[in-house]
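The values are calculated or read from the model by the stated rules, or taken from the named source; none is laboratory data. The model shown is predicted, which means the values in this text are computed figures rather than measured ones. We place every Cβ from the backbone using ideal geometry, glycine too, and count neighbours over all the protein chains shown. Accessible surface areas use protein heavy atoms only, side chains included; no ligands, DNA or RNA. Shrake-Rupley method; radii C 1.70, N 1.55, O 1.52, S 1.80 Å.
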Amino acid sequence: GHRVAELNGRPLLVVDGCVLVHDNLEADPGINWNASGSLDDFPFDHILSIARTVRAVAPVARVIAVGGHADGPLPGFVRDGEHGTYGLDTPATGFYRNGGLEVQHLGAPLDHTRQLPDLAARAGVPVTLVGKAADILACDAAVRRPAVPTADVLAHTLEAVRTPGPGLVVANVQETDLAGHQQDVLRYGEVLEQLDAGLAELIALLDAPGDRLVVTGDHGNDPTIGHAFHTREYVPVLIHRPEAAGLELLPDAASLADVGATAALSLGLSPSGLANGAPIRAA
């Protein structure tokens with residue numbers, strides 16, 4: 001039911017005259033597709049509906065709906081990427097710096113019953129998903145708190161942690177990623193300072209034996225490197241354990257799945273219920 005055309009005969013779709021469906025040039029080539037539109041042309045729900053249609057047929061890991069306020073018509077910011085990709089140069093559009101950015105990530109169909117949130121929920125552990133995690137992770141029983149601003153992500157996370165009883169809270173801070181894509185060193189530093197203050201509040205709350213706070217990342221995004229791609233440095237895995245006698249150096253994790261397996265063990269769940277991963281340390 002949408003109007004669809006190619007842009008100048010290239011592999012990029014223009015939907016309803018304004019929304020672009022294209023390769024994501026900020027991730028590895030061929031991994032993600034975006035549906036990008038100006039919020040001056042359409043409300044975000046319209047962009048998201050197009051992204052969901054694409055998700056239903058897309059052979060890629062993720063389809064990302066992106067809405068923002070651009071510095072000009074979006075076709076003017078389209079360029080060639082690596083390995084034959086072709087898409088919108090999102091940092092160049094001004095989406096990340098002009099305010100009002102709306103983003104929703106649509107993950108690939110996987111066996112979600114073997115992911116940590118669903119495993120925890122089936123065991124009776126309340127689950128809260130915050131930020132990008134609320135978009136990507138599937139868990140019917142979860143409380144969802146989607147947010148992009150770091151202040152909102154931290155507020156939702158602190159609220160969930162203050163709820164009495166056990167629980168799993170998965171929160172994602174996205175603005176470091178956006179500042180890295182934008183190569184905005186000052187903004188990157190501001191978000192880190194904001195996050196540091198939020199972590200201090202979390203550590204003060206998580207003071208009972210058995211409480212855990214795991215901090216990690218899925219990739220680097222160096223804001224000084226001179227390009228908009230993710231960067232490849234090792235990311236830290238930091239685990240706060242109130243009962244720990246002192247600093248313990250953990251072995252390198254084989255994959256991010258090991259972080260999920262470690263969290264499962266800390267919740268008293270068997271990591272064998274997950275699709276992948278082995279605990280980095282005992283609970």
When the range 4-27 is checked residue by residue, the ones that are over 25 Å from G100 (Cα atoms), touching a strand residue (DSSP E or B) at 6+ places or on another chain (Cβ under 7 Å) and either without any contact (Cβ under 8 Å) to a residue 60 or more places away in the chain or assigned to a loop (DSSP other than H, G, I, E, B) (or both) are V4, A5, E6
Mind checking which pairs have a first residue in the range 117-129 that is closer than 18 Å to V161 by Cβ and free of Cβ contacts under 8 Å to residues at least 60 places away in the same chain and a second that is among the charged types (D, E, K, R) and buried (at least 17 other Cβ atoms within 10 Å of the Cβ), Cβ under 8 Å, 6 or more apart or different chains?
T128/R145; L129/R145
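Run down G30, G37 and say which single residue is part of a loop (DSSP other than H, G, I, E, B) and open to solvent by less than 50 Å² (accessible area, probe 1.4 Å).
Details: G37 fails: part of a loop (DSSP other than H, G, I, E, B).
Of G30, G37, the one residue that is part of a loop (DSSP other than H, G, I, E, B) and open to solvent by less than 50 Å² (accessible area, probe 1.4 Å) is G30.
Take P166 and tell me if it is closer than 30 Å to D207 by Cβ, open to solvent by 40 Å² or more (accessible area, probe 1.4 Å) and under 17 Å from the mean Cα position of the chain (by Cα).
On the way: closer than 30 Å to D207 by Cβ: yes; open to solvent by 40 Å² or more (accessible area, probe 1.4 Å): yes; under 17 Å from the mean Cα position of the chain (by Cα): no.
No; evaluated as a whole, the condition is false for this residue.
Could you please find all residues in the range 55-72 being open to solvent by 40 Å² or more (accessible area, probe 1.4 Å), in contact with a strand residue (DSSP E or B) (Cβ under 8 Å, 6 or more places away or on another chain) and not in a strand (DSSP E or B)? Let's see the steps before the verdict.
From the range 55-72, those open to solvent by 40 Å² or more (accessible area, probe 1.4 Å) are 56-57, 59, 61-62, 69, 71; that's our starting set.
Now restrict to residues that are in contact with a strand residue (DSSP E or B) (Cβ under 8 Å, 6 or more places away or on another chain): 61-62, 69.
Selection gives A61, H69.
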Which condition number in (1) in a loop (DSSP other than H, G, I, E, B); (2) more than 25 Å from R114 (Cα to Cα) is the one that G165 fails?
(2)
When only residues in the range 169-180 that are of a type in the set (V, I, T) and closer than 17 Å to V191 by Cα count, which is surrounded by the most Cβ atoms within 10 Å (Cβ to Cβ)?
V173
Does the range 24-64 hold any residues that are farther than 20 Å from G180 by Cβ, in contact with a Phe, Trp or Tyr (Cβ under 7 Å, 6 or more places away or on another chain) and not β-branched (V, I, T), and which are they?
A58
Within the range 137-153, identify whether any single residue is of a type in the set (A, V, I, L, M), at pLDDT 95 or above and crowded, with 19+ Cβ neighbours inside 10 Å, and answer yes or no.
yes
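Those residues that are aliphatic (A, V, I, L, M) and surrounded by fewer than 21 Cβ atoms within 10 Å (Cβ to Cβ), I need them from the range 79-100; list them, please.
A92
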For the range 115-136, the count of residues that are closer than 11 Å to L168 by Cβ, open to solvent by 60 Å² or more (accessible area, probe 1.4 Å) and outside any loop (DSSP other than H, G, I, E, B) equals 0
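Conditions (1) touching a residue at least 12 places away in the same chain (Cβ under 8 Å); (2) surrounded by 11 or more Cβ atoms within 10 Å (Cβ to Cβ); (3) of a type in the set (A, V, I, L, M); (4) in a helix (DSSP H, G or I), marked per residue:
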residue: E201; (1), (2), (3), (4): yes, yes, no, yes
residue: A208; (1), (2), (3), (4): yes, no, yes, no
residue: V214; (1), (2), (3), (4): yes, yes, yes, no
residue: A228; (1), (2), (3), (4): yes, yes, yes, no
residue: Y234; (1), (2), (3), (4): yes, no, no, no
residue: A245; (1), (2), (3), (4): no, no, yes, no
residue: L250; (1), (2), (3), (4): yes, yes, yes, no
residue: A264; (1), (2), (3), (4): yes, yes, yes, yes
residue: A278; (1), (2), (3), (4): yes, yes, yes, no
Qualifying residues in the range 1-27 (those that are of a type in the set (V, I, T) and open to solvent by less than 70 Å² (accessible area, probe 1.4 Å)) - the one nearest to H83 (Cα to Cα)
V21
